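Before any comments, here is the structure.
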Amino acid sequence: MLRVWAHDYAPLGGVLSPAQSKMADLSEKDFGEFLDEFSNLALEDAKAQLLFWPFFPAEEQHMHWLSRWCAQKGWGSVLPIRTHERACLSLDRGQPHGGLNLRAKKRKEYQRQLRRLGDIGPVSSCSTAEGSDCQSGLEESLEHFFALEAAGWKGQRGTALVSNPDTKAFVEAFLPDMVADGSARIDWIKVGDQPVASLISLKAGAGLFTWKIGYDPTFARFSPGVQIMLDLSKQALKDPDLTFIDSLATQGHPMVDHIWPHRRAMASLLVPLGLKGARQARQAALYYRSYDQLRASAKQLLRR
């Protein structure tokens, strides 16, 4: 089995649709030729008859192209596993709040929290993005993020970026160039001179992906995580190249699901690459589903 390269910190393992990536000249024929070349290499060089493709946008046209290609080869069907829907925001510039799904009562509550936060000190938002009301240097912004993420539950569990020196170095290596060319941004909210929430987002095509978030837990009663997501939603409306924001969150996420009303269907795919691939795909699907069920049961027992 081959696995399409995907990192635990990657927002997408599949391909962007033409509308999202602005590659309007990409056709089903082009995609099929790529798959032909890839499968030949897999069968001849790697001796693999099965492809595992994680984090694939299940409702994009490439999913239909991939399924048709596999059927035309006579290799069986593409099997989706680990299917889920994650919250996203389709930016609607014709709506007063850009398409946000906030009831009047909830909106007033967040506004009240923001005013109470302002009682502590002046509230301001900054960003590394050009055109923002308050730009900030990358090094300063990144240090603020590292500190805020480590201060919360991720720091306690050891999953914050700074908890692993290699992961921290990875971020410090790739992020500066992406910020410089506009394909990444760091936004943060501060009270006076004190940062209380920070967010790293990655831009791909017409989409903005909220990659990592951190906030100071001592300000939790003011919902700093929600406040910065709402602020980013407003900032994104100013970028004419953006049409959606993807939360990258798990299905049913308690924070973002109720403020962003739209959903993106995602799945990991098992793609047969040869005559034996269909049988191997069924066996692999059984393995992954059993593994996921056991893992979910273990987390429930451990209350994690």
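Where a number appears in this text, it was derived from the coordinates with a stated rule and is not lab data. Just so it is clear, the model here is predicted, and its values are computed rather than measured. Cβ sites come from the backbone with ideal geometry, for glycine too, and all protein chains shown count toward neighbours.
Remark: the Cα gyration tensor places the range 56-129 in the prolate category, a/c being 1.5 or greater and a/b exceeding b/c. Shape of the range 115-194 from the C-alpha gyration tensor: oblate (a/c of 1.5 or more and a/b not above b/c, with a ≥ b ≥ c the square roots of its eigenvalues). Calculated mean residue ellipticity, 222 nm, the chain: -13000 deg cm²/dmol, from DSSP H runs (n ≥ 4) at -39500 (n - 2.57) each, averaged per residue and rounded to 500. Give the label of the value calculated from the structure for Rg/Rh (Cα atoms, Kirkwood Rh), choosing from [x] 1.51; [y] 1.00; [z] 1.04. Of the listed options [x] 1.51; [y] 1.00; [z] 1.04, [y] comes from this structure. Its relative contact order, with pairs defined as Cα atoms under 8 Å and 6+ residues apart, puts the range 92-242 at 25 percent.
Annotation for the range 212-279: trypsin sites (Lys or Arg not before Pro) lying in DSSP loop with at most 15 further Cβ atoms inside 10 Å of their Cβ are Lys238, Lys276. Note on Lys299 and Lys47: the extension gain reaches 87.1 nm, defined as 0.36 nm multiplied by sequence separation minus the Cα-Cα distance. For the residue pairs Lys108/Lys203; Lys190/Lys234; Lys73/Lys203; Lys212/Lys238; Lys47/Lys212, the C-alpha atoms sit more than 28 angstrom apart in Lys108/Lys203; Lys73/Lys203; Lys47/Lys212.
Is the shape of the range 92-242 best called rounded, prolate or oblate, per the rule: a/c under 1.5 gives rounded, else a/b larger than b/c gives prolate, else oblate, with a ≥ b ≥ c the square roots of the Cα gyration tensor eigenvalues? Note, shape of the range 92-242 comes out oblate.
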